[in-house]
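A.B. asks: I have a structure here, written as structure tokens, and I will follow up with some questions on it.
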Amino acid sequence: MAQATLGKVRFAGLASCVPKSVASNLDCAPEKKSERERLVRNIGINTRRVCEPGQVFSDLALKAADELIKGLGWAKSDIGALLVVTQSPDYPIPATAIIMQDRLGLPRSTLAFDINLGCSGYPYGLFVLGSLLAAGGIRRGILLVGDKSSNPGSLDNGLLSLFGDAATATALEYDETAPNMYFDFGSDGSGYKAIIIEAGGQRVPMRPEHLERLPGADGISRKGTDVILDGPAILNFSIREVPPAVTALLQSSPYSVEQIDYFVFHQANRMINETIRKKLKLPEEKVPSSLHEYGNTSSASVPMTITVRLRDALAASPTRLLMSGFGVGLSWASCIVDMDRPYLAPLIEL
């Protein structure tokens, strides 16, 4: 695994945006009610936020970024970098970050590009943007992270929808006095089929049959453009890789488990997250969750959880977070970040 230490970068603020539309996993035929209730208890996802027709990830990200910049009181002319971590781009080309530079009214000198990562994407995005700032040429930057994941075919069992839509905006700035951030990264491309959309790239070009809902080898009907999830493989990967990666990060940092105020994990599902928590022997009160109301929001799930569960705590006193994302790739990443009362916007609905 790769590890890195990043200095001279301050976590300045965070804003999260979700669609107003709420979908419930308990909305079903009466004869399926008891089974759905059992699944909701096991998976932990009751409701999710889903985009309206025509609404996409970048619309949510634009709102989050505007509110964040306004709340910080930053001049847009001072923002030198804009990074977007998403697997829900507006178009195959150009990069969504380039479009967002114009939509946000940022200067044409702004460095802007996309990073194609899913569930592990937040720590990666923090590191890439932070590295640009630490080099000293750019003073302020914005990181946009999230996905529109709520396609009707994106199911792993035909009964329960896991994915919610969300976008987040994070502000980092150069600060010579800022405490170090610590990172740990890993990837295993041999497991790439565990979470995959098979059609639409150059390996499997789009054909008419990919737009039809056809039964797969697992008995679930889906389109070629829908996500295929290998549940057992994802569970095994998560509980195999994440706990030792978190332990390794702690060992490489100056901090013990007791010196971390909160552990914020990617919101995969209740079974996976509880298994990780128990393997690391972490108390429930130090491991916040947003699964029940918002579902699995891909790369946005870590900052979303901070927004809806830790906003008051972070406003009250300096706080040390260990954040960890894991999933598509297969990839995983964790980081330790000290936050000294950053600006945190209330959850935004669009």
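Derivation of every value follows stated rules applied to the coordinates shown; laboratory data play no part. Note that the coordinates shown come from a computational prediction; the quantities given were computed from them, not determined experimentally. Note that we place each Cβ from the backbone using ideal geometry, even for glycine, and neighbour counts take in every protein chain shown.
A.B. asks: For labels at residue 42 and residue 213 in the simple 7 Å Cα→Cβ model, what's the distance in nm?
C.D. replies: Computed distance between label sites residue 42 and residue 213 equals 2.3 nm.
A.B. asks: Among residues other than residue 49 whose Cβ falls under 15 Å from its Cβ, what is the net charge (Lys/Arg +1, Asp/Glu -1)?
C.D. replies: Cβ neighbours under 15 Å give a net charge of -3.
A.B. asks: Would you mind getting the Kirkwood hydrodynamic radius of the chain from its Cα pairs, rounded to one decimal in Å?
C.D. replies: Hydrodynamic radius (Kirkwood, Cα pairs) of the chain is 20.4 Å.
A.B. asks: Please work out the C-alpha center-to-center distance from region 37-100 to region 284-303 and express it in whole Å.
C.D. replies: One Cα centre to the other: 16 Å.
A.B. asks: Further, regarding this structure: Cβ under 12 Å from residue 94's Cβ, residue 94 left aside: what net charge do those residues give with Lys, Arg +1 and Asp, Glu -1?
C.D. replies: -3
A.B. asks: Expected output is a single nm value to one decimal: the length gained when fully extending between residue 278 and residue 349, i.e. 0.36 nm times separation in residues minus the C-alpha distance. What is it?
C.D. replies: 22.2 nm
A.B. asks: Another question, if that's okay. Report the extension gain between residue 292 and residue 98 in nm, rounded to one decimal, defined as 0.36 nm multiplied by the number of residues separating them, less their alpha carbon distance.
C.D. replies: 66.4 nm
A.B. asks: Name the helices (complete DSSP H segments) of the chain with a Cα length along the long axis of 18 Å or more and a Kyte-Doolittle mean of at least -0.5, or state none. The partial results should precede the final answer.
C.D. replies: On the way: long enough: 57-72 (22 Å, 0.52); 121-134 (19 Å, 1.27); 231-252 (31 Å, 0.66).
What comes out of the filter, once short or polar helices are dropped, is 57-72, 121-134, 231-252.
A.B. asks: Here's another thing I want to ask about it. Might you report the magnitude of the Cβ-based charge dipole of region 230-311 about its Cα centre, with Lys and Arg at +1 and Asp and Glu at -1, to the nearest 20 debye?
C.D. replies: On the way: 9 positive and 8 negative charges, 17 e Å.
With only Lys, Arg, Asp and Glu charged at Cβ, the dipole is about 80 debye.
A.B. asks: Follow-up question, since we're still on this one. Pairs 33/278; 20/223; 32/63; 63/279; 32/193; 8/193: which exceed 32 Å Cα-Cα?
C.D. replies: Values: 33/278 30 Å; 20/223 27 Å; 32/63 38 Å; 63/279 38 Å; 32/193 30 Å; 8/193 38 Å.
Cα-Cα > 32 Å for 32/63; 63/279; 8/193; rest within.
A.B. asks: What are the equivalent ellipsoid semi-axes of region 227-322, built from the alpha-carbon gyration tensor (square roots of five times its eigenvalues), in whole angstrom, biggest first? Intermediate values should be presented prior to the final figure.
C.D. replies: Values: eigenvalues 100, 67, 22 Å².
Its equivalent ellipsoid spans semi-axes of 22, 18, 10 Å.
A.B. asks: Return, for the Cα atoms of region 129-256, the radius of gyration and Dmax in Å, separated by a comma.
C.D. replies: Every Cα atom of region 129-256 included, Rg and Dmax give 19.8, 57 Å.
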